[in-house]
Structure formats: C-alpha cells, structure tokens
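Reviewing the structure listed below.
No lab work stands behind these numbers, since they all come straight from the coordinates. What you are looking at is a predicted structure, and each value in this text was computed from that prediction instead of being measured. Here Cβ is always computed from backbone atoms with ideal geometry, including for glycine, and neighbour counts include all displayed protein chains.
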Amino acid sequence: MNYLGIDYGKKRIGLAWVQEGLDVVLPFGVVKDIDELAKLIKKEKIDKIVVGLPIGLDGKENENTRRVKKFADELKNKINLPIEFEDERFSSRQADSMGGDVSRDEKAAMVILSSYIDSL
C-alpha cells in the first residue's frame, strides 16, 4: 500500500510518502493547494492518506483542528480515498530537530506519517 502523509498549513501543504515494499518514510515535496495535491495523488497511485491533526495540548479540538478536518473533507470529495488522521502535536518541534535539506513542511509530514506507520 502506498501512503501519503500530509502536514496541512494555510500557505503550504507538506508531503511525505511510504511506497509499498519499503519501510522508509521519504519527503515528497510541498504543494500550494488542494487541486495540485489531488492531481499528485492520482498520478502517484496513492492508496491511503494520513493527515496530521492539530489537537490542543489539552487533548481538545480547536479552530485549527476544524480547519484541517474541513480540508480533509474537501480532499476526500476530490480523490475518494481513505483518509486517516494522526495526532500532530509536537510534529513541528520534531521536524525542527531533523537535519537535512528538506523543508520543514516535508519533515513535519514525515513525522506524522512515521508515527502513523509505527502504530500499525
């Protein structure tokens, strides 16, 4: 199964992926909008989407949580694939601690997808 991890932001959408048969989460770029993302998903034959869900430190949903859920609903209408959510608390902090020439958005998506894959 090919998984795509998403770190959704107002300005950019960071991506990471795991290809079937590989156990390594890889950075997969940054897109600017949902239409560009939908085209990429169809082109790359993605099977499942994992979206980082920004839950408050108190464990409750907030405005950012609702914004991401709305984005996920819009994406699902365009691609008709299963979408799972993964708690993204501290993903940006973990991304900042990672080295390399990959964008912060991609690193956050990598953290989100790695966390999801590890929980399977």
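Candidate cross-link partners of residue 60 among the lysines, defined by an alpha-carbon separation under 18 Å and a same-chain spacing of 8 or more, comprise 69, 70. What's the FRET efficiency of residue 69 with residue 101 using the Cβ-Cβ distance as r and R₀ = 30 Å, to the nearest 0.05? The calculated FRET efficiency here is 0.40. Put simply, the amide H of residue 29, placed in the peptide plane, has neighbours under 5 Å in 15, leaving out anything fewer than 5 places away on its chain. Ignoring lysines fewer than eight residues from residue 45 along the same chain, the ones with Cα atoms less than 19 angstrom from its Cα are 76, 78. For segment 4-40, the residues whose backbone nitrogen is under 13 Å from a point 7 Å from the Cα of residue 118, taken along Cα to Cβ, are 25. Eigenvalues of the alpha-carbon gyration tensor of segment 38-83, scaled by 5 and square-rooted, set the equivalent ellipsoid semi-axes at 25, 10, 7 angstrom, largest first. In a simple Cβ point-charge model (Lys, Arg +1; Asp, Glu -1; nothing else charged), the chain has a dipole of about 460 debye relative to its Cα centre. Taking the empirical scaling 2.2 N^0.38 Å for compact globular proteins as reference, the chain has a Cα radius of gyration ratio of 0.97. Going down the table (11/42; 11/48; 10/32), which pairs top 19 Å between alpha carbons? 11/42; 11/48, as the Cα separations exceed 19 Å there. Provide, for q = 0.22, 0.24, 0.26, 0.27 Å⁻¹, the log10 of I(q)/I(0) from a solvent-free Debye sum over equal Cα point scatterers in segment 64-107. Each listed q maps to, in turn, -0.85, -0.89, -0.93, -0.94.
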